[in-house]
There are 2 protein chains.
Amino acid sequence: MCKELRPSGSSLNGMLELRERSGLARIARLSTRHGTVETPALMPVVNPANLIISPKDLAERFKVSILMTNAYIIHRSENRERALQEGIHRLLGFDGPIMTDSGAFQQHVYGRVDVSNEKVVRFQEAIGSDLGTALDVFSEPDDSRETCQAAVEETLRRCEEALQWRGDMALVGTVQGGLYPDLREACGKSLSEMPLQVHAIGGVVPLMEGYRFADLIEVIVAGKKGLRPDRAVHLFGAGHPITFGLAVLLGCDLFDSSSYAKYAYDGRMITPWGTLKVSQLKHMTCHCPACADAEPKDLRENVRLLAEHNLHVSLLELEEVKQAIHQGILWEHVERRCRAHPALLEALKTLRRHVDFLERYENLVDGSLFYTGPESIWRPSVHRFRRRVLQRYSPPEAQGLLILPEAPRPYSRTYAGILQRLYRKAKAHAVVKSAFGPVPIELDGVYPIAQSVLPRQLDVEVIEASEIFLREFVRLGHFAFGMLWEGEETLEELAKRAPGAISLDMDMARARAIADHQFGAGASKHLLRGKVEHVKSRKTGKIRNVYADGEHVLSLRARDGLYTLKLAGGVRLHKAFKSPRLRVLVSEESAPFNLQGKNVFAKFVMDCDEEVRPLDEVLVVDDADNLLAVGRALMNREEMLAFQRGVAVKVREGSKPL
Amino acid sequence: MCKELRPSGSSLNGMLELRERSGLARIARLSTRHGTVETPALMPVVNPANLIISPKDLAERFKVSILMTNAYIIHRSENRERALQEGIHRLLGFDGPIMTDSGAFQQHVYGRVDVSNEKVVRFQEAIGSDLGTALDVFSEPDDSRETCQAAVEETLRRCEEALQWRGDMALVGTVQGGLYPDLREACGKSLSEMPLQVHAIGGVVPLMEGYRFADLIEVIVAGKKGLRPDRAVHLFGAGHPITFGLAVLLGCDLFDSSSYAKYAYDGRMITPWGTLKVSQLKHMTCHCPACADAEPKDLRENVRLLAEHNLHVSLLELEEVKQAIHQGILWEHVERRCRAHPALLEALKTLRRHVDFLERYENLVDGSLFYTGPESIWRPSVHRFRRRVLQRYSPPEAQGLLILPEAPRPYSRTYAGILQRLYRKAKAHAVVKSAFGPVPIELDGVYPIAQSVLPRQLDVEVIEASEIFLREFVRLGHFAFGMLWEGEETLEELAKRAPGAISLDMDMARARAIADHQFGAGASKHLLRGKVEHVKSRKTGKIRNVYADGEHVLSLRARDGLYTLKLAGGVRLHKAFKSPRLRVLVSEESAPFNLQGKNVFAKFVMDCDEEVRPLDEVLVVDDADNLLAVGRALMNREEMLAFQRGVAVKVREGSKPL
């Protein structure tokens, strides 16, 4: 990844702009020649020769913003000439963006495809497709490594050659590679190096048809690892809402559905939980416009009505996903939806294998974290907390720590409450062995500890994991531990005997631990150098602002228990840590604006500390490492370097205010 | 429980008739003077002095079939006289059934209530309430045992005395008892002995407000254990759909909601997953009539619209619950919904404590069993399978059994597939150590083994439980075991050395095991006495009919892998097992009809084997234990003895056909 990879063209067709995010999941705007589409978006697949719902209806009644049609099929049909003469938009009667497929899926279905890459790409360009697809080579899940490798190579060659025929059309390059993650990743990387606009993940329909969702996840993740993060990613053939949440969570932006019609012809009703034979429907369980005035028998007798229902619920699921991203509860949403089928639950369970990758894109989330099952302790935000405790935490006194078991608690209290109670009881510095791993008492207010809600009865799996996390922590070896497993009554007593039973200036200990947790081991020494003063809220009694030697260095956010970095704090961190730590390096064009407090746009970012995560506090610097501003990153390094549009750092204070 | 408990009155007002069921959950018809209500039903609470949605709208636009209003509040309001003159139905402008509350909840809110039991019961009767409530004494969750005991005694006294004032009104008796399950159960029992029509579970609002759902479950279960099963049960104050599924699963039939309005006034939007501040709503995630043409800002600005949404989604959740009962997937539905909040998940986890009680009411379920998490292995249907294996299974050769670990498998195969593969490999009689406990290979087609779908990666909790179940099985001690833990390649080899490596007549072994599993240990000896012939389907090659000495004794259902009992089989079982085993004893009035193949109605059942479960095959006998018919029970003993309406046994063949 480097700056030169950015497409040189100035066309906005196919360009993506990030609006809101939750890790890899994102709400974005995809620009096309026929208008802008909010993603994630579902593209109903329409066949002009067989319309169950007309494109006009799709636009007006279903508020569909983008369609998909198969150029290969049109190319072979009677509509070919009309499409060439009138263009695909007039042929379909749809003013919005249209994506076209090239026939690769027909290769899967019929074993062959009777068109050349050149023909189908030129045809797509000629009929005015907004997003046209190069003819990729479909790999079957059971294909050998050699076959898949050859398919990838041919796919890449065709994408490369298609560039010459695309004209103004945004070109879609499809990731293939069968079930070989390294091939998928390499294919994604190579495609990323071409001046394409949109990517697709292909060869996945057989996985979805066979409920091989764990394999599907491997395929999506491998593709995403290879692909640049600034391009929209389409998951080919995913038309059932059962997978939408999971796929969006992994960074897919576009879906296409012919399922709404296919299922209807087959008498099946789509729900977010699967599919129901409409003959089994007795009670009307849906409010969608198709169902609003219908009885079960209407859906049984009217295929079109059933297709409309199927499309309505599919579109609604994406609205639910977007709302979940907006609320910061996408993980809860997906964990729930993965209970739709045991194969989806299995897929969810395998996500922990990719937690390091997911964590790189994870933003800090507002609001509560709800535990839904043993999978929840592997969320990227929880993994980050554990990792930062391991790497960045050091206790206020090196001689000892108490380790406390969790106490039973009512739901009105979160971890913070327990920890504080234990602290008062034990009068000792303590680490609680929690479901999320060891929690030093000073970090009791930090996300996700204070914001999480768990059942009292933990799953055995979580208890075992907690033990393992604690051992990892203990293995660091720079503490002596007094283990406490008894009930609350004896805590004080034990605390006296325990090696780490010390009284702390809790405000100071907390400030140190949070600063290290957030900015890196040792950050607190510099940020809190000198005489430290904590200004508390008169209303809540909680710390709001931190001054060091009279300088306002930090403010504490109640929401996530982390600091907002003030310019004075930024100056201290800038002195203490060498480049590239915490830095976002901007180009000369951008520097004067950032110096005066303006936001950093992604296209002006030259480099960035690779430890920076979305919503982390950062230092904005120029080429000579002059501190220009402090602010909050909205992207990680990969994204800052890739995106052409959008804000990379929300600047809080420039070094030279206006 | 005995026949005399049946209410002697002939009025149908308040009477319940079972239509469909899933364990304690049921779809039923509640008769009232103002028409029949399908339960489970939600009663919107209306206050005539402050109508946010008019009763006319509720009936016409919301299809609400029953309302609730507070008699105590009307009694103290300006509407008192009008209510007395015109009746409550004209006052509210609602033709359907109306339930009235008595003021007990106001005691909880205000600490006192300014009305006597006599006054409020007489008032309810006078205004023509269909279901009127005696003034129960509300116990707070933290009340002492003594306080709760006194509250129960006073509640019972008031119900008893209220009988004299009720007239034709159906009287609701409320279970109290705080958090003391024994008090709750005893209260339920005493109420069941009174000629009341409907019951309620009271004192639960503070539990729901505090997310104490595990406590809520204890309270509901204790109440249900005490209450007769033929009366509708109302869960007082449960108006948020988050709890509907769970409460219905535990046998609640009626809910009341003022939440739809209260939440709306507070700017909160109800969803099946909880509550959302409407200020957080950005994407329209609902299709309900209120949301159909609305933008988020409309819901923010229009309280009435928000209240309508809240009511629509609450009503829809009950339709989903009913559809889930109809499809036999209520457990899946509830397990999913319990992921709405960690406190609900905790409640779900505590259900296993009551699995013996739940199993008594569990019917055999059609269709697949989807695993949603470690809680799934504690479903009553799975518990029943384990219990019957422990109590009823004996291996074809006593000298040995192989115990096989589960093999990895694709989703297209269920347990049956694995078991058969293992059997073919091992050429030995085998028991598989499955997630559900030990499964003898002959039972591989029996529900839930052949019908279940699980993720490949099992939760640690399930693996541990599986180990424990196996030990229980081994502890029976009448087998010698050869344990197999190696990979598939060595199975055959090991089988040769294993003590139980025997070749079986698999059809016969299967027939024996299924017959014992279904009808009791030893049943197969009698059912399959003589020369046994298995008639297989020409299409599927599977066994359809079983003949013994030329008599058609059994048919095998493909759906659940269990037998349908033919009359000849019934005759054999009747001879082999003494009364009351497998019997349903009917009165003289009923006998001649059943003899000719007519169904058994509940009101004619005099007694029943207490091991009979809904959908079990049974023998219908008269007082002298003459076999009248064979058929399928639709109820368990408690229900047969309690219900006044509905079919107790669906008779298949009478001893004397017409």
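Bear in mind that the values in this text are calculations on the coordinates, not laboratory data. All values reported here derive from a predicted model rather than from experimental measurement. All Cβ positions, glycine included, derive from the backbone under ideal geometry; neighbour counts span all protein chains shown.
Overall, the protein assembly as shown carries a charge dipole of about 740 debye about its Cα centre when +1 sits on the Cβ of Lys and Arg and -1 on the Cβ of Asp and Glu, all other atoms neutral. Distance from the C-alpha centroid of the range B:79-99 to that of the range B:231-291: 26 Å, rounded to the whole angstrom. Residue order for B:Thr39, B:Thr540, A:Thr350, fewest other beta carbons within 10 angstrom first, comes to B:Thr540, A:Thr350, B:Thr39. Stokes-Einstein diffusion of chain B at 10 °C, 1.306 mPa s viscosity, Kirkwood radius from Cα pairs, rounded to a whole number: 59 µm²/s.
Net charge dipole, the range B:22-88: roughly 180 debye, given to the nearest 20, about the Cα centre with Cβ charges of +1 for Lys and Arg and -1 for Asp and Glu. Note on A:Lys297: lysines with a C-alpha under 24 Å away, same-chain residues under 8 apart excluded, are A:Lys262, A:Lys277, A:Lys282, B:Lys63, B:Lys322. Between the alpha-carbon centres of the range A:599-657 and the range A:522-544 there is a gap of 25 Å.
Distances between copies at A:Asn50, taken between label points 7 Å from Cα along the C-beta direction, are 5.8 nm in increasing order.
All other residues whose Cβ lies under 15 angstrom from that of B:Ile543 are scored, Lys and Arg at +1 and Asp and Glu at -1, for a net of +4. Straight-distance candidates among the aspartates and glutamates for linking to B:Lys575, with alpha-carbon spacing under 13 Å and chain neighbours fewer than 8 residues away dropped: B:Asp625.
With each label point set 7 Å from Cα along the Cα-Cβ vector, what nm distance links B:Arg645 and B:Glu589? Reported label-point gap for B:Arg645 and B:Glu589 is 1.6 nm. Think of it as helices only: each DSSP H run of n ≥ 4 in chain A is worth -39500 (n - 2.57), and spread over all residues that comes to -10500 deg cm²/dmol at 222 nm.
Placing a label point 7 Å from Cα along the Cα-to-Cβ direction at A:Arg544 gives distances to the equivalent points in the other copies of 8.2 nm, listed shortest first.
Using the Cα centre of chain A as the reference point, and only Cβ charges (+1 on K/R, -1 on D/E), how large is the resulting charge dipole? Debye, rounded to the nearest 20.
In total the dipole reaches around 2160 debye.
Reported to the nearest whole Å, the Cα centre-to-centre distance from the range B:326-348 to the range B:448-463 is 17. Counting neighbouring Cβ atoms within 10 Å and putting the fewest first, the residues B:Cys187, B:Cys148 line up as B:Cys148, B:Cys187.
Looking only at the range A:233-251, which residues have a backbone nitrogen under 18 Å from a spot 7 Å from the Cα of A:Asp266 in the C-beta direction? Counting backbone N atoms under 18 Å from the label point, the list is A:236-244.
With the simple spin-label model, which puts each label point 7 Å out from Cα in the Cβ direction, the A:Asp142 to B:Glu193 separation comes to 6.9 nm.
Using the Cβ-Cβ distance between A:Arg29 and B:Ala624 with R0 set to 56 Å, the FRET efficiency works out to roughly 0.10.
Expressed as a fraction of 2.2 N^0.38 Å, the value expected for a compact globular protein of N residues, the C-alpha radius of gyration of the range B:522-580 is 1.15.
With Rh defined as the Kirkwood radius, the inverse of the mean 1/r over Cα pairs, the Rg/Rh of the range A:130-184 is 1.04.
Based on every Cα atom in the protein assembly as shown, Rg and the maximum pairwise Cα distance Dmax equal 33.8, 104 Å.
With kT/(6 pi eta Rh) evaluated at 4 °C and eta = 1.567 mPa s, and Rh the Kirkwood radius from Cα pairs, the range A:145-301 diffuses with a coefficient of 75 µm²/s according to Stokes-Einstein. The modelled label-to-label distance for the pair A:Arg61/B:Thr275, using points 7 Å beyond Cα in the direction of Cβ, is 3.7 nm.
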